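Q: Dropping a structure here in structure tokens format, bear with me for questions.
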Amino acid sequence: MLRSFSFKHSLPLTRVCSKSRAHSTLPSVSSSLGTLPTTQSPVVSKLSFFNSVTGDGSKIPTYRVLDGLGVPVEGAEVPEISEQFARRLYEKMQLLPTLDNILYNVQRQGKISFYMTSYGEEAAVIGSAAALADDDEVLAQYRESGVLLWRGFTIDSIMAQCFGNHEDTSGKGRQMPVHFGSKQHHFHTISSPLATQIPQAAGVGFALKRDPARSSKNIACVFFGEGAASEGDFHAGMLLASTLPTPTLFLARNNGFAISTPSSQQFYGDSLSARGPGYGIDTVRVDGNDVLAVMNAVTDARRRCLESGRAVMVEMMTYRVGHHSTSDDSFAYRGRQEVENKKKIDNPITRFRLFMESRGWWNETEEEELKSRLKQDVLKAFKRAETLKKADLKELFTDVYAEEPWNIKEQREELAGLLKKYGQVWEPWRDELKSFKDEGKKLLD
Amino acid sequence: MLAPRLRSRLPAFVSSVRDHPKQSCRWQTTASTAVEPPPASGHSSSVASSKLLRITRESALRTPGIVWADEEPVRNIVGGRETRKMNLYQAVRDALSIALAKDDTAVVFGEDIAFGGVFRCTMGLAEEFGRERVFNTPLTEQGIAGFGIGLASMGHTAIAEIQFADYIFPAFDQLVNEAAKFRYRSGGNFSIGGLTVRTPTMAVGHGGLYHSQSPEGFFMGAAGLKIVIPRSPIQCKGLLLSAIRDPNPVIFMEPKILYRSAVEQVPIDGYTIPLSRAETLIPGSDLTLLTWGTPVYHCESAIQLLNSPPPSLAPLIPPSLRSAKVELIDLRTILPWDMEAVVESVRRTKRLVIVHEAGMTGGVGGEIAAEVSKRAFLRLEAPVRRITGWDVPAALQFEKFNMPDEIRILDGIIETLSY
Ligand SMILES: Cc1ncc(C[n+]2csc(CCOP(=O)(O)OP(=O)(O)O)c2C)c(N)n1
Ligand SMILES: [Mg+2]
């Protein structure tokens, strides 16, 4: 069953593949100077080095639809979106900074341990999410909670994860804030070690290809930062998805920084886009602050990915407006003015609002209404999450293995014994126990 | 470029005495940007109140085992030397500055280190020694380790930083298959003794799965590597300078919760503290308590609880055990560890409790327990006991009940004494 299915799909795949090879800038005619045993590389007599994928040494271009004032640039194709869809895009883009403002401050007050904002990258993330199918498998880095919001992950679920309370369906309070995950939303759980999700996405794509119910329907989509793309895992993932091949879409968020390290110290070449062709991957660079350009690019990238069953890459050029995280003060390594300028001159939310206004789809009153409604929603969820207890203490020992081996069983029982002995007399433990839903009482269940 | 090069030819102590006052201002005025801020609940109180920290100049200069870099016999040890108050990250910075000043081949590199590093350990070094010697690398741990190995194979001093010990695993292949075996596989022709890999380790109270781990145990089988974990600023400076100059590759793991919370008067001159030597911090005769890094302070607290329990705990501590003399040993070098010191102590006390943050299974404690059981079998009056993290990942909201704290250590001591 599976065998015949994969054979069937390998036909269109070869066709697309040879088509894209024909676009190559290298001449494909055979030369009079002879041939080589393992390649069709034409033999030449003139020594010539190259160091550019554009052929003429110029930078890889960036695709854009809207200019900074929300006006379509000459020749650009504005995607056909309805007013309703545009409003949904805009609302989700606005929800991100609303959440960020409140959660950033909540962290500052010491109520949650950590937070990372999406400031400046709202268009890149929401635009991508809007161009994907809601059941495409997403493997994200950490600054892509917008994908979850787009797919209907609730504000309460966001809060529960950040507070690590017993309603945290992402990871039972085990992981740091912003490490979301939801099987229902086809969003694999975030892992702090960078780039590990990238080769995994090649495996996810392979599984989708082998599943008759999803092979022509879904792709794997992996997000990562330009910093993470320096890890070996990035190269491994690109190579696997391109060679095996697997329908995996690589969405690079190039926001200019990896903590304090500017992208100029991250790589010397023409950033991430230049790497795609090295792996034989269809690649495009897009203005990541232009939500419509992102949508167009990701829509087409997804189509290619699905049709060819191969890797495709989109590099989204954006700017990390916020600090790296609540543990970082970015003014130690970049100027305040630089950030202020970027915020003003190139705000992805403003750009799209101007476009909506030009269509008569949006106005000042609606803006005010939206902002205050979103703020109320977020505040309400925050106040609720704040009062909830952590999961049961017994969850410390569950899910390590599918079953419980002797050592973990003994350790769980040992802790239960210790709590019985000291749990009420040792104050730090007594206080801490109260924060768990079971107050430690279910450890022996 | 020229200035730091010239300066680097000066003896270490001259350079450091002259440079430091200026540097210390710079550190204090730069905005704090640690990836791990101080915990909301404040620093671990057992560190703040520890008697193990040397907070006077006199006690600092009397640190056991200190070997001064300048061998000036005329300089009376206590009389002639200065100390300055430093926390652990400042002590790292001080050691790096001396290493860079003394050794022209020394370079310091890693992710985000040029602006000072996410834990502030390299503050001002790029400005002082130039970007050619103190630089950011692209974000690749396997690359950082491999690059350092190559540099060291050419006889240079390579001081690499892996941003968190949790992120050392992409470099595992380079460290275990390459660094550890470099000398052996080349029949002694090549060596990479100049490689030191610094990395922040252990839990901080809010790090969760991937900012809390103690991966030293994973390297125990990598013969050829050394592993060092300091407990305090004075120790850190001396051990780091030893690690940098040691003719073997060394992984130097810095307990990150101590970066700010552990403060001592640190001698300004260059000095080393020998590797592979444990240190007895509190002498005793009834039980050996062996640990390293952050839990040193929890062990100290546990001993205090045992000897003078607060009223709430008193009923649980048999009066006959309260006068027990517990010997506290800081292992300091985890590989190769100071077998002789540990076995000598256990043969005297007849009881051993080992404390580490990493999980029990596959932890360093198991290795030590096996060796001690072999060498002191007939002397032991209780099984060797390990008080460790449980065999589970470091879950964020559960940390207080996962990491070995003073109560769990106290209980382990009581159980072992009354076995
Ligand atoms: C393997 C690994 N090394 C280092 C880190 C520490 N770290 C966390 S985020 C980060 C920077 C990542 O930058 P980038 O990929 O550009 O993503 P951005 O934060 O800009 O969204 C670093 C170095 C880590 N999490 N994992
Ligand atoms: Mg980035």
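The values are calculated or read from the model by the stated rules, or taken from the named source; none is laboratory data. Treat the numbers as computed from the prediction; the structure is a model and nothing was measured. Here the Cβ positions follow ideal geometry from the backbone for every residue, glycine too, while neighbour counts run over all protein chains shown. Ligands, DNA and RNA are excluded from the accessible area calculation, which covers all protein heavy atoms including side chains. Shrake-Rupley method; radii C 1.70, N 1.55, O 1.52, S 1.80 Å.
Q: Mind checking the mean number of beta-carbon atoms from other chains within 10 Å of the Cβ atoms in B:130-141? Provide the component values of the computation, followed by the final result.
A: Numbers: counts 0, 1, 0, 0, 0, 1, 7, 4, 12, 15, 12, 5.
Across B:130-141, the average partner-chain Cβ count within 10 Å equals 5.
Q: Here is a further query. How about the range A:56-119: which GluC sites (Glu not before Pro) there lie in a loop by DSSP and see at most 14 other Cβ atoms within 10 Å? Mind dumping the intermediate values first?
A: On the way: sites: A:74, A:77, A:80, A:83, A:91; in loops: A:74, A:77, A:80.
Passing sites in the range A:56-119 are A:74, A:77, A:80.
Q: Given a 10 angstrom Cα cut-off, can you work out which residue in A:345, A:198, A:190 is the most mobile in a GNM of chain A?
A: Evaluated over chain A, the most mobile residue of the options is A:345.
Q: Continuing with the same structure: May I ask you to order B:164-172, A:210-218 by the average number of other C-beta atoms within 10 Å around their residues, highest value first?
A: Working: B:164-172: 22.1, A:210-218: 15.1.
Sorting B:164-172, A:210-218 by mean packing, highest first, produces B:164-172, A:210-218.
Q: Hey, got the average number of other protein chain Cβ atoms within 10 angstrom for residues in B:203-211? Before the final figure, lay out the partial values.
A: On the way: counts 0, 1, 1, 6, 4, 11, 8, 7, 4.
Going residue by residue through B:203-211 and averaging, the value is 5.
Q: If you don't mind, there's one more thing I want to ask. What are the ³J(HN,Hα) couplings of the range B:259-273, residue after residue, when phi is run through the Karplus curve with 6.51, -1.76, 1.60 and θ = phi - 60°? Round to Hz, x for glycine and proline.
A: Along the range B:259-273, the couplings run 3, 9, 7, 8, 10, 9, 7, 10, x, 7, 5, x, 7, 10, 10 Hz.
Q: Tell me the mean residue ellipticity at 222 nm calculated for chain B from its helices only (DSSP H runs of n ≥ 4, each -39500 (n - 2.57), averaged over every residue, nearest 500).
A: On the way: 15 runs with 141 residues, N = 419.
Mean residue ellipticity, 222 nm, calculated: -9500 deg cm²/dmol.
Q: Taking beta carbons within 10 Å but only from partner chains, what does the mean come to for residues B:384-396?
A: On the way: counts 0, 0, 0, 0, 1, 1, 10, 8, 10, 5, 1, 11, 13.
Taking the mean over all residues of the peptide, I get 5.
Q: If you restrict to DSSP beta bridges whose two residues both lie in the protein assembly as shown, what percentage is antiparallel, to the nearest 5?
A: 20 percent
Q: When a/c reaches 1.5 or more, the comparison of a/b and b/c decides; with that in mind, is the range B:282-360 rounded, prolate or oblate per its Cα gyration tensor?
A: Details: a/c = 2.64, a/b = 1.57, b/c = 1.68.
Oblate, since a/c reaches 1.5 and b/c is not below a/b.
Q: Students often get this wrong, so check it: of A:383/A:437; A:111/A:380; A:343/A:371; A:390/A:420; B:181/B:400; A:172/B:400, which have C-alpha atoms separated by over 27 Å? Can you show the working numbers first?
A: Details: A:383/A:437 18 Å; A:111/A:380 15 Å; A:343/A:371 18 Å; A:390/A:420 20 Å; B:181/B:400 39 Å; A:172/B:400 16 Å.
In this structure, B:181/B:400 exceed 27 Å between Cα atoms.
Q: For the range B:45-272, give me the percentage of DSSP beta bridges that are antiparallel, rounded to the nearest 5 percent. Before the final figure, lay out the partial values.
A: Values: 7 of 28 bridges.
Antiparallel bridges make up about 25 percent of those DSSP assigns within the range B:45-272.
Q: I would also like to ask the following. Quick one: what are the phi-derived ³J(HN,Hα) couplings along the range B:403-413, Karplus 6.51/-1.76/1.60 with θ = phi - 60°, whole Hz, x for glycine and proline?
A: 6, x, 10, 4, 6, 5, 5, 4, 4, x, 5
Q: I would also like to ask the following. Using Cα centres only, tell me the gap between the range B:374-419 and the range B:170-240 in whole Å.
A: About 24 Å separates the Cα centre of the range B:374-419 from the one of the range B:170-240.
Q: Of A:431, A:300, A:399, which has the largest mean-square fluctuation in a 10 Å C-alpha GNM of chain A?
A: Taking springs between Cα atoms under 10 Å, the residue moving most is A:399.
Q: Another question, then. Can you give the accessible area of residue B:305, probe radius 1.4 Å, in Å² rounded to 10?
A: Taking all protein chains as shown, residue B:305 has close to 20 Å².
Q: Here is a further query. Along the charge dipole of the protein assembly as shown, pointing to its positive end and built from +1/-1 on Cβ of Lys, Arg, Asp and Glu, which listed residue (A:65, A:48, A:160) has its Cα farthest out?
A: A:48
Q: Which order do peptides B:226-238, A:279-291 fall in by mean Cβ count within 10 Å, highest first? Walk me through the intermediate numbers first.
A: Values: B:226-238: 27.7, A:279-291: 24.8.
Output ranking for B:226-238, A:279-291: B:226-238, A:279-291.
Q: Still on this structure, I have one more. I need the fraction of alpha carbon pairs in the range B:234-319 separated by more than 15 Å, rounded to a whole percent.
A: Numbers: 2553 of 3655 pairs.
Roughly 70 percent, once rounded to a whole number.
Q: May I pose another question? Could you tell me which residue out of A:293, A:316, A:185 lies farthest along the dipole of chain A toward its positive end? Charges go on the beta carbon: Lys and Arg +1, Asp and Glu -1, centred on the Cα centre.
A: Highest projection toward the positive end goes to A:185.
Q: While we're on this one: Mind listing the long-range amide H neighbours of residue A:290? Cut-off is under 5 Å, sequence gap 5 or more, other chains count too, H placed in the peptide plane at 1.01 Å from N.
A: none
Q: Something else now. Which of the residues in the range A:390-408 show a loss of at least 10 Å² in accessible area from their chain by itself to the complete set of protein chains, at a probe of 1.4 Å?
A: Buried-area filter returns A:390, A:393, A:396, A:397, A:400, A:407, A:408.
Q: Also, quick follow-up: According to the square roots a ≥ b ≥ c of the eigenvalues of the Cα gyration tensor, what is the shape class of the range A:285-371, taking rounded for a/c under 1.5, prolate for a/b larger than b/c otherwise, and oblate for the remainder? Before the final figure, lay out the partial values.
A: Details: a/c = 2.60, a/b = 1.18, b/c = 2.20.
Because a/c hits 1.5 or more and a/b fails to exceed b/c, the range A:285-371 counts as oblate.
Q: Along the charge dipole of the range A:393-443, Cβ charges K/R +1 and D/E -1, which of A:401, A:436, A:422 sits furthest on the positive end?
A: A:422
Q: Counting residues in chain B as N, plug N into 2.2 N^0.38 Å and put the Cα Rg over that result.
A: Working: Rg = 21.0 Å, N = 419, 2.2 N^0.38 = 21.8 Å.
Its radius of gyration relative to the 2.2 N^0.38 Å reference: 0.96.
Q: If you don't mind, there's one more thing I want to ask. For the range A:323-340, just list the computed ³J(HN,Hα) in residue order, Karplus coefficients 6.51, -1.76 and 1.60, θ = phi - 60°, integers in Hz, with x standing in for Gly and Pro.
A: 5, 3, 7, 5, 8, 10, 10, 6, 6, 6, 9, 8, x, 4, 5, 4, 5, 4
Q: Let me ask you something else. What are the GluC sites (Glu not before Pro) within the range A:344-445 that DSSP puts in a loop, where the Cβ has at most 10 other Cβ atoms within 10 Å? It would help to have the intermediate numbers written out before the result.
A: Values: sites: A:357, A:364, A:366, A:367, A:368, A:369, A:386, A:395, A:403, A:410, A:413, A:414, A:432, A:439; in loops: A:403, A:439.
Those that pass, being in a loop and sparsely packed, are A:403.
Q: While we're looking at this one, here's another question. Return the loop-located trypsin sites (Lys or Arg not before Pro) in the range B:127-219 (DSSP other than H, G, I, E, B) with at most 16 other Cβ atoms within 10 Å of their own Cβ; answer none if there are none. Please report the intermediate quantities before stating the final value.
A: Values: sites: B:131, B:133, B:181, B:183, B:185, B:198; in loops: B:131, B:133, B:181.
In loop regions of the range B:127-219 (DSSP not H, G, I, E or B), the sparsely surrounded trypsin sites (Lys or Arg not before Pro) are B:131, B:181.
Q: Can you give the helix-only mean residue ellipticity at 222 nm for chain A, where every DSSP H stretch with n ≥ 4 adds -39500 (n - 2.57) and the sum goes over all residues, rounded to the nearest 500 deg cm²/dmol?
A: On the way: 14 runs with 190 residues, N = 445.
Per the formula, -13500 deg cm²/dmol.
Q: Show the residues, 5+ positions off or on another chain, whose built amide H is closer than 5 Å to the amide H of residue B:386.
A: HN-HN under 5 Å from residue B:386: B:354.
Q: How big is the gap, in Å, between the Cα center of the range A:316-340 and the Cα center of the range B:83-152?
A: 23 Å
Q: Decide, for the protein assembly as shown, between rounded, prolate and oblate: order the square roots of the alpha carbon gyration tensor eigenvalues as a ≥ b ≥ c, take rounded if a/c falls under 1.5, and otherwise choose prolate if a/b is larger than b/c, else oblate.
A: Numbers: a/c = 1.81, a/b = 1.46, b/c = 1.24.
Prolate, since a/c reaches 1.5 and a/b exceeds b/c.
Q: Return the long-range amide H neighbours of residue B:281 (sequence gap of 5 or more, or a different chain), with a cut-off of under 5 Å between placed amide H atoms.
A: Under 5 Å from the amide H of residue B:281 lie the amide H atoms of B:328, B:329, B:330, each far enough along the sequence or on another chain.
Q: Taking springs between alpha-carbon atoms closer than 10 angstrom, which of A:86, A:252, A:297 fluctuates most in the Gaussian network model of chain A?
A: Residue with maximal mean-square fluctuation among A:86, A:252, A:297: A:86.
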